[in-house]
Amino acid sequence: MLVVLLALLLLFSNLVPLVAEWLWFQALGYERVFTTRLVAEALLGVGVGGLVFAFLYLNLRIAQRGLVPNPLVVQFSAGAAAVDVTRLVRRLALPTALGLALLFGMGAAGSWLGVLQFLHRTPFGVTDPVFGRDVGYYVFTVPVIAGALGLITTLTTFALVAAIGLYVLRRDVVVFGRRVTVEPSARLHLALLIALLFLLAALRVYFVRLPGLLYSTTGPLVGASFADLHAALTGLRIAGLAALAGGALVLWGAKSQRLARNALLALGLYFGVSLLGVALYPAMVQKLIVAPNELVKETPQLASHITATRQAWGLDSVVTRDLTGEARLTEGDIRANRPTIDNVRLWDRDPLLQTFGQLQEIRTYYDFVSVDDDRYWIDGQYRQVLLSPRELNSGSLPTRTFINERLTFTHGMGLTLGPVNQVTSEGLPVLFIKDLPPASSVSLQVTRPELYFGELTDSWVFARTHQREFDYPSGDENIFTSYTGTGGVRVGSFPRRLVLATYLRSLKVLLSSDITSDSRAMYIRNIRLRARTALPFLLFDDDPYLVVSDSGRLRWILDAYTATSRYPYAEPLDNGINYMRNSVKVVIDAFDGTVTAYLADPRDPLVRTLAKVFPGIFQSLDAMSADLRAHLRYPEDLFRVQTDMYATYHMSEPEIYYHREDQWQKPVLSRPGERPDPFLRHIVMRLPEERQAEFILMVPFTPRGKDNLASWMVARNDGKQYGRLVLYRFPKQSLVYGPTQIVNRINQDTDISRQISLWDQRGSEVIRGHLLVIPIEESLIYVQPLYLRAEGGRIPEMKRVVVAHQNRVVMEETLDAGLARLFGGAVEPTAAIAAPTGAALPNNGRAADLARRAAELYQRAVAAQRGGDWASYGEALSQLGEALRQLQAIFGGRQP
């Protein structure tokens, strides 16, 4: 009875999560994924388990057939009944076979996706250079064959070891001195099992180890090298023949009553040929033939490696454009590229996140987790913005009760959004969307601000209950709401409620009178986990981003990848992946949690195979609404990997690649806390030879070991140009200053160093923003914002902007003032410091304001001098100089 109760409890504990997951997939509309996986795992597990049971049980019964003349009898203590061990072992045959079958079946069930991909495989249309097979054979077929051979080999080994043990126990195998005597039927049985192992070894050579040469690392490349092709390949083929010969030798030994001797000879033959032909001979060829003439011998293989790597990582479609090297910019160039200048990102993510946290969290239980780049048409202008969702952090609730955590505080509220380049007169970011409920000062509006699904929503909640949901604070009062969406799982009947209570491990779910049959159980709300659960066969980018649709609804977009480690000759990452495509865009509604997967790269064979395995799961990208498509971004993780690869694999000639004559690297600044790839940036800019500004992802390259700039690459994001990679290359004979050289010039500038020292002396903390590389025409400018944070304060304020071009460096209060000093002309009216709403002073009004400010600054400087406060004196003097320069620009037409 106890055993039955334990079995029922085990069944219930495994069945409840399965039912809860089914309800979740059903509510999401992804039943196909759930049922396909469940059925595939069941069929594969039962099928493999059944075959394993039949094979093992048959071999155990064969080994125990017939009577035992002299059974092994053991008496464990005096007076105890003797135990026939042979009979006891016979009784254990069935449970042993069942137990091992269960373990093998459970292990095989985990390979469900690989088997389904094999059954629905799609050719790549590219063949490998050695065997001439389609790449799809190595991606889909070889892993299944390798898995099957490995399973059968392990199973046969188990059967052989068990059979030998049983025969020894039954005294059918007797070892006396150096002589081994085996009973004829036992000899035949053991010979068949050993011969099967040799046959499996031969099959592994031909179906696994030979294809494995395409991933070899013995030479100066990944892939089959000269030694692999001219030595190891032959050695493996001979080793395969040796394995077949070994199996035949074992069978002959069974007939000639020399099984043990022939088995040892077969093992010696196989391992001897493998040692000589697969290990020693290729090593000798590598050392004596290849090493003295490596480039000559490896040139064809290097060409195959370069071609495969460029194809596998999508680098074969990079468009290269050579720049003339004309580095001189004029005021006219700056005016012609005004859309680029107006979208220079003066706010770094970290300082901005700190500022959002202090100014816009409003209550302690709201958090800003991350800041994302995007672009919007705002009041008729194409603007780059930075935005951050305001999420609810249930861990910060002042009172953490069941009602508060699970029923009342259920969602975050809205977002904060502002332009990348505007600053208030206090040095704070200008905000287009802010406060609670979210209020917008521009044409972009938020109509559905609730965030039930996000990056911080790790806990489960119930919506539409008798308990009112907290919506947002309004002064001293709180505004409450009731959920009107379709997200989550409907509680429904008592059995469903019991399942949910058990799955969520909360008795209060079952007992609470606030939860009704109409309530919605929301679990697996974290958007990353939600996407991975719904689409377990995809990999996901680390940076999901929030989009405000034209209707004012908030939606998350996640970039999903298909990947494999089986692309022949391609360079892998540290985790083994050597092929990747951003094949799917996943959209998750922040209000109702709807997950929609769009097919972004229908040419990818991996995603086409998945579309066959899970029909109806992927929608065409054309089905995505235009307002969402306008916000698609080229994924940063993929671009980071591609640019890392391209730094080496832009060298398409084997000789140049071998010598690394033109290898590049991404610039690195040795600053504490610097994030990886500090110069990888989203920018709205007009590319050379293009008419319109567009949203791009950009990274510069320098020659390896040098500081000057060699080139820069962009991933285009807008419209029909989405996904195109373009490289802009400077002439090798021209000197274009790189980021490290510009940073050194900034550090060596006495005016900048003096100002920073004055700020530091007053106890404030100077935060240097990221150095921005801004392409203009066929040249570059560098921009670095400087932030000031008061001692003990948490709000960074932007105080200065450093602008550099070639060997000139200036520091001003605004970007436009810095550009005016570098290139001449007046400060543009779109200066980075935003005027108060409605301000539109003519030049004479502006001049009067500047004159008054100059007088105030002069008086402040005099007072500081008299009081001995030299830090305040220096700052007032610097600001006075800026005011005078702007006055001169108004009346004189240009600045000195």
Restricting region 257-284 to residues that are surrounded by 20 or more Cβ atoms within 10 Å (Cβ to Cβ) and not hydroxyl-bearing (Ser, Thr, Tyr), which is farthest from ALA201 (Cα to Cα)? PRO282
Where the second residue is β-branched (Val, Ile, Thr) and in a helix (DSSP H, G or I) and the first is surrounded by 15 or more Cβ atoms within 10 Å (Cβ to Cβ) and lies in region 317-336, which pairs have Cβ atoms under 7 Å and are six or more apart or on separate chains? ILE334/ILE341
Filtering region 484-505 down to residues that are crowded, with 18+ Cβ neighbours inside 10 Å, in a loop (DSSP other than H, G, I, E, B) and either under 33 Å from the mean Cα position of the chain (by Cα) or aromatic (Phe, Trp, Tyr) (or both) yields GLY487, GLY488
Inter-residue pairs, beta-carbon under 9 Å, first open to solvent by less than 10 Å² (accessible area, probe 1.4 Å) and in region 131-147, second assigned to a strand (DSSP E or B) and of a type in the set (Phe, Trp, Tyr), 6+ apart: VAL135/TYR579
Could you list, ordered by first residue, the pairs with Cβ atoms under 8 Å in which the first is in region 731-755 and in contact (Cβ under 8 Å) with a residue 40 or more places away in the chain and the second is of a type in the set (Gly, Ala, Ser) and outside any loop (DSSP other than H, G, I, E, B), at least 6 apart or interchain? VAL736/SER779; TYR737/ALA804; ILE742/ALA804; ARG745/ALA804; ILE746/ALA804; ARG754/GLY874; GLN755/GLY874; GLN755/SER878
Please work out which one of (1) aromatic (Phe, Trp, Tyr); (2) more than 17 Å from VAL548 (Cβ to Cβ); (3) under 34 Å from the mean Cα position of the chain (by Cα) is the condition PHE432 fails and give its number. (2)
Only one residue in VAL174, VAL168 is open to solvent by 20 Å² or more (accessible area, probe 1.4 Å) and either among the polar types (S, T, N, Q) or assigned to a helix (DSSP H, G or I) (or both), so which one is that? VAL168
Need pairs with beta-carbon distance below 7 Å; first residue open to solvent by 10 Å² or more (accessible area, probe 1.4 Å) and within region 405-423, second of a type in the set (Ser, Thr, Tyr); sequence gap 6+ or separate chains. GLU405/SER394; GLU405/SER459; PHE409/TYR365; PHE409/SER394
All-but-one check, LEU735 against (1) surrounded by fewer than 19 Cβ atoms within 10 Å (Cβ to Cβ); (2) closer than 17 Å to ILE683 by Cα; (3) aliphatic (A, V, I, L, M), failing number (2)
Kindly check whether there is at least one residue in region 350-367 that is charged (D, E, K, R), open to solvent by 60 Å² or more (accessible area, probe 1.4 Å), under 30 Å from ARG553 (Cβ atoms) and under 28 Å from the mean Cα position of the chain (by Cα). yes
Go through region 717-729 residue by residue and tally those that are open to solvent by 10 Å² or more (accessible area, probe 1.4 Å) and assigned to a loop (DSSP other than H, G, I, E, B). 4
Among what's in region 77-128 and is charged (D, E, K, R) and closer than 30 Å to ARG65 by Cα, pick the residue that is modelled with the highest pLDDT. ARG91
Of the conditions (1) open to solvent by 30 Å² or more (accessible area, probe 1.4 Å); (2) closer than 28 Å to ARG375 by Cβ; (3) of a type in the set (D, E, K, R), ARG745 fails just one. Which one is it? (2)
Within region 625-645, residues being closer than 26 Å to LEU113 by Cβ and part of a loop (DSSP other than H, G, I, E, B) number 1
State whether one or more residues within region 653-668 are in contact with a strand residue (DSSP E or B) (Cβ under 8 Å, 6 or more places away or on another chain), surrounded by 21 or more Cβ atoms within 10 Å (Cβ to Cβ), at pLDDT 95 or above and in a loop (DSSP other than H, G, I, E, B). no
Could you tell me whether GLY475 is at pLDDT below 95 and under 34 Å from the mean Cα position of the chain (by Cα)? no
Among (1) more than 30 Å from ARG789 (Cα to Cα); (2) open to solvent by 10 Å² or more (accessible area, probe 1.4 Å); (3) touching a helix residue (DSSP H, G or I) at 6+ places or on another chain (Cβ under 9 Å); (4) not β-branched (Val, Ile, Thr), the one test that LEU428 misses: (1)
Identify the single condition in (1) open to solvent by less than 40 Å² (accessible area, probe 1.4 Å); (2) within 21 Å of LEU56 (Cβ to Cβ); (3) of a type in the set (S, T, N, Q) that THR157 does not satisfy, given that it satisfies every other one. (1)
Within region 599-625, restricting to residues that are basic (Lys, Arg) and under 19 Å from VAL33 (Cβ atoms), the one that is nearest to the chain's Cα centre (by Cα) is ARG608
Whether any residue in region 201-208 is free of Cβ contacts under 8 Å to residues at least 24 places away in the same chain, more than 19 Å from GLY132 (Cβ to Cβ) and either assigned to a loop (DSSP other than H, G, I, E, B) or not aliphatic (A, V, I, L, M) (or both) is what I want to check. no
For region 442-457, indicate whether the set of residues that are among the aromatic types (Phe, Trp, Tyr), modelled with pLDDT under 95 and either over 30 Å from ARG800 (Cβ atoms) or open to solvent by 60 Å² or more (accessible area, probe 1.4 Å) (or both) is non-empty. no
For region 384-395, state whether one or more residues are surrounded by fewer than 21 Cβ atoms within 10 Å (Cβ to Cβ) and under 17 Å from ARG553 (Cβ atoms). no
Would you mind stating whether ALA260 is at negative phi and touching a strand residue (DSSP E or B) at 6+ places or on another chain (Cβ under 9 Å)? yes
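The values are calculated or read from the model by the stated rules, or taken from the named source; none is laboratory data. No experiment lies behind these values; they were computed from the predicted model shown. Every residue, glycine among them, receives a Cβ derived from its backbone with ideal geometry; neighbour counts consider all protein chains shown. Side chains are part of the model used for accessible areas, which takes the heavy atoms of the whole protein and leaves out ligands, DNA and RNA. Shrake-Rupley method; radii C 1.70, N 1.55, O 1.52, S 1.80 Å.
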